[in-house]
Structures are given as C-alpha cells and as structure tokens.
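Novice: One structure, as structure tokens, below. Some questions next.
What follows draws every value from the coordinates through simple rules; no lab data is involved. Because the structure is predicted, anything quoted here is derived from the model rather than measured. Ideal geometry is used to build each Cβ from the backbone, glycine not excepted, and the neighbour counts take in all protein chains shown.
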Amino acid sequence: METYKLYINGEWVNSSTGKLLDVKNPSTDEVIAKVQSASEADVEMAVDAARDSFDSGVWSRLPPGDRSNILLKIADLLEKNQKEFIKLETENSGKSVKQVSGYDIPYTIDNIRFIAGACRTLEGKAMAEYVADGTSAIRREPIGAVGVITPWNYPLMMVIWRAFPAIATGNSVVVKPASYTPLTTLKLAELVENAGVPAGVFNVITGPGSSVGEQMARSNKLDMIAFTGSTEVGKRLSDLGSSTLKKVSLELGGKAPFIVFEDANIDAAVESAIVGGMVNNGQDCANSTRYYIQEKVFDRFVQRLKERIRQIKIGDPENPDTDMGPLISEAQRTRVEGYIKKGIEEGGRLISGGDRPKINGHEHGYYIDPALIYTENESSAIVKEEIFGPVFTILKFRDYDDVIRRSNDVTYGLGSSVWTSDITTAMRATRDLRFGTVWVNEHVVVPSEMPWAGYKQSGHGASLSPYSLEEFTYIKHVYFDITGKVRKDWYDQIFKG
C-alpha cells in the first residue's frame, strides 16, 4: 500500500503533524492507499509557494507559447502513462474501467491540448483611438495565486478543467482534491514536475475540505478560488472568500430536465436517457434526473426505459463488461436511498430498482440498483433537489408551455435536453430553457471547445472553451497619449491656469 506525500514548492513532503488519511476502493470498502492530512502550517506553506512563484514572474512572465509547450508535454506524458492512470482512477473512484479508458482519460488529454492551444489566442478589444488624443489597448493578465478545490466524481478531469486554464494563463495554483479521490491528482503532479513546470506553480495538498479548503478560501495570499462541487459548499466558500473580496469561480450542482415531445425518436431518447442517468454511476452534475415525457408517448417511453434499465450490468468496475460500478461511499449510498424513500413518501411510485445488489467478491461495496420512480408531485424532493445517484424520476407533461415552466422551476441551471423532430420546438426550447447548456436530441456532450457553465445556483464562471481561460485573467486598460502636447484641450475643464 502506497503512502502519498504533499507536493509543495516542487518537493514531496509529509504533513507537519504526520497525520494520514485512508483512501478506499468503493467497490470493496478496502483501504488502497494513505495520503497526508495537511495541517494549517502545510496549507500556509503551499499558499506561500504559489504566491512567491507568481510574484517572481518565473511562470507568469513566460510567453504563452512557452507555457503552451509545457502543457502539451504534460498531455503527452499522460497519454504515455494512461494505463497507470486508468487503473488508479477506476480503483479509487469506482467508475467502470470502460468509461475511464474510453472517455475520461482520452477526453482529459484532449482538454489539456485544447487549453494549451487556447492560451496562445486570447482575444480582446481592438487597439484604437476611442478619444482623439490617445490610443487605448487591453491587456489580459493572470490574476495571481489561485486555490483550486475539486470534486470526487471526476478526480483527474476536474483538476484539468479548473487548474490548467489557470496555469495556462500564467497563474500559480494550490490544488486540493477531494478526500475520497486524491490519487490521480497526486500522480498528475509527477507529470507536471517532469514536464518542467517551475517549483511553486503547481502545488497539491490533501486533507478535509472543512479545514484545508476553508483555510484556502480565507487566505489573503490567494487571489481567487475555483471550486467544483456542491452548491452548499460553494455558498460557504463564497462567504469565506468575501472577507478578502477574492474572485470565486463556482461550478455547482445540477438538476437536468430531459424533455421528450411526442414527435421525438423514442428509441433514441430512451438510449440517451439510460446513459444520461447512469453516467459515472449516476454521480454527475449533468445527469438527466427529471424525465418529462409528453402524455401521448409516456407509456411507450416508460416501458422501453424499464426494459433497458434491467439490462444494465452492475459489478466489478475493473471488469470491461461492467456498465455501472458502486457509488463513491457508504454515506452517498445512504443519501441516495434516502431520496428514493422520500420520493415514495411524497407520492411517488417505485417502478423498479433501488435495492442493494449482491456482487460476488464485492459484498462490501457501495452498490445500488438504478431506481425508476414515477411521480406527479412537482414539489417532491426527487424533483427539486440534486440526488447525485442513479435515480430516474419520470413525470408527464401536457404541452410546450407546461413543460418549459416546470423544467425551469428549480434552483439549478446547468444542463438540460430536449427531444423533438420539430426544428421550431427545438429552437424555442434552446431559447426558453434557463440552463447553461441545452442539448437537442442528445445529452451529456461537452466538446473541449465549448463552455460548461451554469445559471442560477449552479454557479458562475465557465469550464472548458476559451471562456475558461478568461476566467483566470484580469483585463487592464492601457492608454497612450499620441499628441505630445503639454496641455490638452480638455484640461481647461479642470484647471485653466
């Protein structure tokens, strides 16, 4: 069993207290590694390293092309070592190896390469004479030292989404991965080091969010916090960060509606509904969690969905035939089961699933059968709140206005999808749905070139796309006098002399 160290200022160090945390395999409940539990002094040391490296200009003043080349080396190293990362991510997160190997890692490599290219092409307003006496220009400059706090559902990918746009634009970072899933982030630090990123630019510390994360949010040496996770924690970090007026970028929860009109391709919609509901074992902020089905096709859709859910193969994540592994923890499984119970208590009807399957050799894993629930209670917790598990909540709707109103009637606004063969309906829905992403006849597709951003309590700021790099920059107006005059005409308005 490996014991991992903190990565601070280019060195691997133990916590000053010597305290360690267990890291478990959620499919077996076995401890697979130990990591450091960073103390207050450790956090301060990592923050100082980021602050000093930024202020020195060793990274921030490099030309974008130089930073880009180093990021491309990291992508190459990740591609070369992907087998190790696939094994580690599968074992630590419990997601299926076919998702990790076929999607997570290749997509993450593409994310890095896109970010590396995008940092060379940041745009701004054209330099011009907006007043007669001078020329104005815009500079985009890095914000400074940034604290990055990442979630457990996409451990490696979310570090890239949040930390790499920051370092690509010249910032230095302190990364705190989720305590459940820190291993691939720590391995990534080895690649960062080997690629030639200067000491102090990329630091990784592990430990509880309630202490480490909150200390980062309070620190007056960090200029920004970039967080992906729950809305509740995002609100807490915003409150703490307000004491120093630091910028806070938040990608938070979701409650995606999946709207199927009667003219939709039902077979295609059902296939996407399965993927949208069980991707990442149901632990995805883009999950299709509210299935609004028009009355005329409701029975047909539900019957087909029920048949397909039964065909999901639940089991050992390391088995290539497995479709769905366990949830991340016993606490998460209990939370999901609580929502299923509450949904029934609030008038819902359990159509199928919701049990704990018996998996040979994985009896202590945190498994749950995907649950299919029908409800007419629009106020039910399973309709309004983020469950973060494989719970398919099915509802009927009458017409366009009815479903758009109900779809928007949540505090979240991250992802959504609409299924129809009518272009007018599709175009109206993309306008009327109050979500940062609207998919038409698809769900959960986010190219590296497009932003992943939220409305309402799903946060603010963007991941991916060029907008994610702008997130980590200040804009500075630079003005050049072009007259050479001692006195300009407008001076008389202030001082005539």
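Novice: Placing +1 on the Cβ of each Lys and Arg and -1 on the Cβ of each Asp and Glu in the chain, which of V279, V13, Y103 has its Cα farthest towards the positive end of the resulting dipole?
Specialist: V13
Novice: Evaluated at 20 °C with a viscosity of 1.002 mPa s, what Stokes-Einstein diffusion coefficient in µm²/s does the stretch 359-401 have when Rh comes from the Kirkwood expression over alpha-carbon pairs? Display every interim value, and only then the final one.
Specialist: Values: Rh = 12.8 Å.
Using the Kirkwood radius from Cα pairs, D works out to 167 µm²/s.
Novice: Applying the Karplus parametrisation 6.51 cos²θ - 1.76 cosθ + 1.60 with θ = phi - 60° to the phi angles of the stretch 156-167, what ³J(HN,Hα) value in whole Hz is obtained for each residue in order, glycine and proline being reported as x?
Specialist: 7, 4, 5, 5, 5, 4, 9, 7, 6, x, 5, 6
Novice: Near the amide H of K488, under 5 Å away, which other amide H atoms are found, from residues 5 or more places off or on another chain, if H is placed in the peptide plane?
Specialist: none
Novice: Could you work out the relative contact order of the stretch 256-440? I mean the mean sequence separation of Cα pairs under 8 Å and 6+ apart, divided by the number of residues, in percent. Please report the intermediate quantities before stating the final value.
Specialist: Values: 333 pairs, mean separation 53.0, N = 185.
Contact order relative to length: 29 percent.
Novice: Given the DSSP H assignment, sum -39500 (n - 2.57) over each helix run of at least 4 residues in the chain and divide by its residue total; what's the result at 222 nm in deg cm²/dmol, nearest 500?
Specialist: Values: 15 runs with 173 residues, N = 497.
About -10500 deg cm²/dmol.
Novice: Another one. On a 0 to 90 degree scale, rounded to 10, what angle separates helix 298-309 from the longest Cα axis of the chain?
Specialist: Taking Cα atoms only, the helix is inclined about 80 degrees.
Novice: Please report the net charge: other residues with Cβ closer than 15 Å to the Cβ of T90, K and R +1, D and E -1.
Specialist: Details: positive: K24, K83, K87, K95, K98, K187; negative: E30, E84, E89, E91, D104, D316, E318, D321, D323.
Around T90, the charge tally is -3.
Novice: Using the charge dipole of the chain (Lys, Arg: +1 at Cβ; Asp, Glu: -1 at Cβ; taken about the Cα centre), state which of I314, G241, Q493 has its Cα farthest towards the positive end.
Specialist: Farthest towards the positive end: Q493.
Novice: Also: Just the ratio, please: alpha-carbon radius of gyration of the stretch 256-440 over 2.2 N^0.38 Å, N its number of residues. Please report the intermediate quantities before stating the final value.
Specialist: On the way: Rg = 16.0 Å, N = 185, 2.2 N^0.38 = 16.0 Å.
Ratio of Rg to 2.2 N^0.38 Å for the stretch 256-440: 1.00.
Novice: For the stretch 91-192, with only Lys/Arg (+1) and Asp/Glu (-1) charged at the beta-carbon, what is the dipole magnitude about the Cα centre, in debye rounded to 20? It would help to have the intermediate numbers written out before the result.
Specialist: Values: 10 positive and 8 negative charges, 51 e Å.
Magnitude of the dipole: close to 240 debye.
Novice: Now a separate question. Any chance you could run the full-extension gain for K19 through N360? It's 0.36 nm times the residue separation minus the Cα-Cα distance, nm to one decimal. Mind dumping the intermediate values first?
Specialist: Numbers: separation 341, 0.36 × 341 = 122.76 nm, distance 3.43 nm.
Result: 119.3 nm gained on full extension.
Novice: Another one. Please give me the summed charge of the neighbours of T228: other residues whose Cβ is under 9 Å from its Cβ, Lys and Arg +1, Asp and Glu -1. All intermediate terms of the calculation are to be shown ahead of the outcome.
Specialist: Details: positive: R162; negative: E251.
Overall, the nearby charge balance is 0.
Novice: How large is the dipole of the stretch 256-440 about the Cα centre if only Lys and Arg carry +1 and Asp and Glu carry -1, each at its Cβ, rounded to the nearest 20 debye? Each step should come with its number before you reach the end.
Specialist: Working: 23 positive and 29 negative charges, 44 e Å.
Computed charge dipole of the stretch 256-440: roughly 220 debye.
Novice: Using Cα atoms only, what is the angle between the long axis of helix 330-345 and the major principal axis of the chain, expressed in degrees (0 to 90) to the nearest 10?
Specialist: 60
Novice: Could you work out the mean projected area of the convex hull around the alpha carbons of the chain, in square nanometres to one decimal?
Specialist: Values: hull surface 107.9 nm².
For the chain, the mean projected area of the Cα convex hull comes to 27.0 nm².
Novice: How large is the dipole of the chain about the Cα centre if only Lys and Arg carry +1 and Asp and Glu carry -1, each at its Cβ, rounded to the nearest 20 debye?
Specialist: Details: 57 positive and 66 negative charges, 145 e Å.
Once rounded to the nearest 20, the dipole reads 700 debye.
Novice: R0 = 51 Å: FRET efficiency of D110 with R349, Cβ-based, nearest 0.05? Walk me through the intermediate numbers first.
Specialist: On the way: r = 42 Å, r/R0 = 0.83.
The calculated FRET efficiency here is 0.75.
Novice: So if I take the alpha carbon set of the stretch 285-327, get Rg, then get Rh from the Kirkwood formula, what is the Rg over Rh ratio?
Specialist: Values: Rg = 13.8 Å, Rh = 12.6 Å.
Rg/Rh: 1.10.
Novice: Once phi is turned into ³J(HN,Hα) by the Karplus curve 6.51 cos²θ - 1.76 cosθ + 1.60 with θ = phi - 60°, what whole-Hz value does each residue of the stretch 233-247 show in order, with x for glycine and proline?
Specialist: These are the phi-based 3J(HN,Hα) values: 5, x, 5, 5, 5, 4, 4, 5, x, 5, 5, 10, 6, 6, 5 Hz.
Novice: Considering only Cα-Cα distances, which of the following residue pairs are longer than 25 Å: K24/K255; K87/K176; K19/K83; K34/K358; K34/K95; K341/K384?
Specialist: Over 25 Å apart, Cα to Cα: K24/K255; K19/K83; K34/K358.
Novice: Could you state the angle between the C-alpha long axis of helix 40-56 and the longest principal axis of the C-alpha atoms of the chain, as a value from 0 to 90 degrees rounded to the nearest 10?
Specialist: Roughly 50 degrees, rounded to the nearest 10.
Novice: Each label point is 7 Å from the Cα along the Cα-to-Cβ direction; what then is the distance between the points at S242 and K342, in nm?
Specialist: Inter-label distance under the simple model: 2.5 nm.
Novice: Go through the stretch 319-329 residue by residue and turn each phi into a ³J(HN,Hα) via Karplus (6.51, -1.76, 1.60, θ = phi - 60°); whole Hz please, and just put x for glycine and proline.
Specialist: Karplus-based 3J(HN,Hα) across the stretch 319-329 equals 7, x, 8, 6, 8, 9, x, x, 6, 6, 7 Hz.
Novice: Once the Cβ-Cβ distance between N69 and E449 is put in as r, and R0 is 25 Å, what FRET efficiency do you end up with, to the nearest 0.05? Present the calculation step by step, with values, prior to reporting the outcome.
Specialist: Values: r = 20 Å, r/R0 = 0.82.
About 0.75, to the nearest 0.05.
Novice: Where Lys and Arg each count +1 and Asp and Glu each count -1, what net charge lies around D263 among other residues with Cβ under 12 Å from its Cβ?
Specialist: Numbers: positive: K296; negative: E262, D422.
Result for the neighbourhood of D263: -1.
Novice: Excluding residues on the same chain fewer than 8 positions from K125, give the lysines whose Cα lies under 19 Å from its Cα.
Specialist: K476
Novice: What is the spin-label model distance, in nm, from Y467 to I312 if the labels are put 7 Å beyond Cα along the C-beta direction?
Specialist: Spacing of the two 7 Å Cα→Cβ label points: 3.0 nm.
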